Amino acid sequence: MKVLNEAGVLSRSERFFATPSTTARGLFFYVTRVGHYYYDERYNFLDSSEVAHQESHKNFFLAFVRAGTMYFETTQVFAAERGQVALIDCHKPHRFFTTGQAESMWIHFDGANSDAFFHQILAFRNGKQTFTPASDGRIEQDMAQIISGLRSASMTEVDCSQRIYRILCSLMFPAQQQGCVPQNDLIAKAIEYIGAHLFEPLSVRRVADAVNLSSSHFSRLFRSTTGFSPHEYIMLHRIDEAKALLQSTTLSVKEIAFRVGYHSEVNFITAFTRKTGSSPTQFRRNTL
């Protein structure tokens with residue numbers, strides 16, 4: 001569908017709408033409107049506009065900038081340049097604008113755990129809402145295929161959901177998408193080191209020193225590669241070992257706590273219960 005009446009959007013632009021099924025609303029990621037826009041300096045989309053209050057807009061917005069620069073205003077003003085992606089929560093105040101010629105592909109999406117993904121991506125990326133994706137072009141391809149699929153009415157809701165999920169995962173874990181062999185090798189070495197010393201006093205600094213990285217850089221790289229903070233990774237693997245001991249031995253809870261690296265039975269019980277939903281004694285009783 002050609003766009004004919006939006007200021008700053010040139011006539012060769014396209015926009016398409018999609019109404020999700022009940023199944024998609026309940027189970028999938030889904031799009032509500034998508035577009036491929038060409039802009040000039042007049043483009044200035046405000047959340048006070050009538051369009052911004054439509055259901056198809058009140059969700060999450062993902063834009064891939066193919067040319068020029070787009071600007072976004074939320075709680076901050078930031079720009080996305082050619083080859084970059086912007087991610088916006090359109091439930092909250094926002095503005096999109098350009099100051100010259102630009103081009104972008106964009107989708108409005110929702111469903112599944114979109115809200116949780118949005119906040120986790122920002123948490124993993126230190127609050128940034130613009131990203132430079134991997135050079136393999138996967139995000140651009142997926143967005144282009146979603147738009148093409150709506151144009152031709154040939155894309156199933158399942159396929160669309162899978163593509164949105166893949167895009168969100170690549171924004172959350174860029175190191176996994178970019179094939180950063182040297183960095184991934186460092187994380188592999190760190191994981192190997194953790195496994196070899198899991199039951200010893202094991203701080204983030206100690207693991208970072210083992211792979212010759214600063215604690216802060218190591219923590220960021222570890223999270224972007226694995227999805228876990230180093231501390232959480234160590235804790236979860238200690239709990240996994242504790243589960244095996246609870247199920248296969250008659251060791252006391254206190255003995256197991258110290259064996260898997262805890263120096264306090266109380267701290268072990270608290271961590272185990274918080275992560276599994278049951279105490280060590282309940283877990284043992286329920287798995288015998």
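The values are calculated or read from the model by the stated rules, or taken from the named source; none is laboratory data. Just so it is clear, the model here is predicted, and its values are computed rather than measured. For neighbour counting, all protein chains shown are included, and Cβ atoms are generated from backbone atoms with ideal geometry for every residue, glycine included. With ligands, DNA and RNA removed, areas are computed over all heavy atoms of the protein, side chains included. Shrake-Rupley method; radii C 1.70, N 1.55, O 1.52, S 1.80 Å.
Among all positions in segment 113-121, there is no residue which is surrounded by 15 or more Cβ atoms within 10 Å (Cβ to Cβ), in a loop (DSSP other than H, G, I, E, B) and at negative phi. For His108, the test of being free of Cβ contacts under 8 Å to residues at least 60 places away in the same chain and open to solvent by less than 30 Å² (accessible area, probe 1.4 Å) is failed. Among the candidates Leu122, Leu186, the residue that is without any contact (Cβ under 8 Å) to a residue 40 or more places away in the chain, of a type in the set (A, V, I, L, M, F, W, C) and touching a strand residue (DSSP E or B) at 6+ places or on another chain (Cβ under 9 Å) is uniquely Leu122.
Every test in (1) touching a Leu at 6+ places or on another chain (Cβ under 9 Å); (2) open to solvent by 40 Å² or more (accessible area, probe 1.4 Å); (3) within 30 Å of Ser13 (Cβ to Cβ) is passed by Ser161 save one, and that test is (2). Only residues that are among the polar types (S, T, N, Q) and either open to solvent by less than 40 Å² (accessible area, probe 1.4 Å) or closer than 25 Å to Pro201 by Cβ (or both) were counted in segment 249-286, giving 9. On the stretch given as segment 45-72, residues that are out of contact with any helix residue (DSSP H, G or I) (no Cβ under 6 Å at 6 or more places or on another chain), outside any loop (DSSP other than H, G, I, E, B) and either under 22 Å from Ala116 (Cβ atoms) or not basic (Lys, Arg) (or both) total 14. Right, Thr75: part of a helix (DSSP H, G or I) and open to solvent by 30 Å² or more (accessible area, probe 1.4 Å) or not? No.
The residue pairs whose first member lies in segment 213-230 and is crowded, with 19+ Cβ neighbours inside 10 Å, whose second member is hydroxyl-bearing (Ser, Thr, Tyr) and not in a helix (DSSP H, G or I), and whose beta carbons are closer than 8 Å, counting only pairs six or more residues apart or on different chains, are Phe222/Ser229; Arg223/Ser229.
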